[in-house]
1. Taking a spot 7 Å from the Cα of D117 along the direction of its beta carbon, which residues of region 204-218 have an amide N less than 19 Å from it?
2. Ordered by residue, what ³J(HN,Hα) values in Hz, to whole numbers, does region 247-255 give under the Karplus form 6.51 cos²θ - 1.76 cosθ + 1.60, where θ = phi - 60° and Gly and Pro are x?
3. For region 91-100, in order, what is each residue's ³J(HN,Hα) by Karplus, 6.51 cos²θ - 1.76 cosθ + 1.60 with θ = phi - 60°, in whole Hz (x at glycine and Pro)?
4. With every protein chain kept in place and ligands, DNA and RNA left out, what is the accessible area per residue of region 174-242? Probe 1.4 Å, answer in Å².
5. Amide H of A82 versus every other amide H placed in the peptide plane: which residues, excluding those fewer than 5 positions away on the same chain, fall under 5 Å?
6. Need the full-extension length gain, S97 to E224, defined as separation in residues times 0.36 nm minus the C-alpha distance. One decimal, nm.
7. Å³ per residue of the Cα convex hull, for region 151-273?
8. Within 14 Å, Cβ to Cβ, of I167, how many net charges do the neighbouring residues add up to if Lys/Arg are +1 and Asp/Glu are -1?
Amino acid sequence: MRSSRCHRLPLVGCMLALACSLVLSACSGSGSAQTLTVAGSTTVLPIAEMAAEGYEQQTGTKVLVSGLGSSAGIEAASNGTADIATSSRELTEEEASHELVATVIAHDGIAVIVNPDNPVSGLTTQQLRDIYAGKITNWSEVGGPDLAIQVVNRDEASGTREAFRTIVMGDASFDRSAAVLPGTGQVRDVVSRTPGAIGYISIGFVESDYATTSVRSLPIDGVEATEENVESGAYPISRDLYFFTNGDPQGEAYGYISYVLSDAMDQTIRDAGYIPAHKSASDDAEGSDAR
């Protein structure tokens, strides 16, 4: 684990975190069992929820998990209304000015998705950047049909958006006319139903046993969005997934994080479409515990 520093986010983030805290407090008001609160990224939500179930069975500790978005989760951890923040991005410069400890729990690739009927065979990073900047507006400009591109973006609280902006957009700004959606499921659903749409989601959500519709991921720079290509570093749009705690994790927070990094969660993380980071992260955890 490594330390970072972090300022509080704007008032709206604080209000979200406070609302979450009040709900969680109400849920945990009865009984003597210990309660742990985990809040943040919708991308990390499946991992956090499965870990919560396993950890509760193992220890009896109730783990309350919510998906408010990475920014809201980081705010909640920094002001003490959540024990652990889940995040699909690194800390911003502002957030890094306050004491938070980061643990990498998994590696992820961000897949660029289109409607299954879209015949485009792939995009370069530059083409993708120009689409999201509003410079390329028709699929015919990238080898596809004469069809307007309908850009689907994530909201500003999304860690996936921040990772995509950092990796793909560089100094370019997002097209303000793009549709902005709050969650991975919404992006996937809209793209699956809209012939000209393009969006981006974690590779673990491209194929879903729970969805009634389908999407197709595009190769970027000639590389498919697969777990193997993310693990090897060949796929260009990839990132780490994090837990953040306010200071070194202690007590139940430490126990829960250790459980996520254990072999018991390895297959669960892989089934969610991510690559476990438990071997390297466990070494970091031991180093942090020794301090």
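The values are calculated or read from the model by the stated rules, or taken from the named source; none is laboratory data. These numbers were taken from a predicted model, which means no experiment stands behind them. Please note: Cβ atoms are built from the backbone with ideal geometry, for glycine as well, and neighbour counts cover all protein chains shown. Just the protein is used for accessible areas: all its heavy atoms, side chains included, with ligands, DNA and RNA removed. Shrake-Rupley method; radii C 1.70, N 1.55, O 1.52, S 1.80 Å.
1. What the label zone holds, given the 19 Å backbone N cut-off, is 212-218.
2. x, 4, x, 10, x, 5, 4, 5, x
3. Each residue's phi maps through the Karplus curve to give 5, 6, 4, 5, 5, 6, 8, 10, 6, 9 Hz.
4. Dividing the accessible area of region 174-242 by its residue count gives 48 Å².
5. Amide H to amide H, under 5 Å and 5 or more residues apart or across chains, A82 pairs with A77.
6. So the chain would gain 42.1 nm between S97 and E224.
7. 150 Å³
8. Surrounding charge for I167 is 0.
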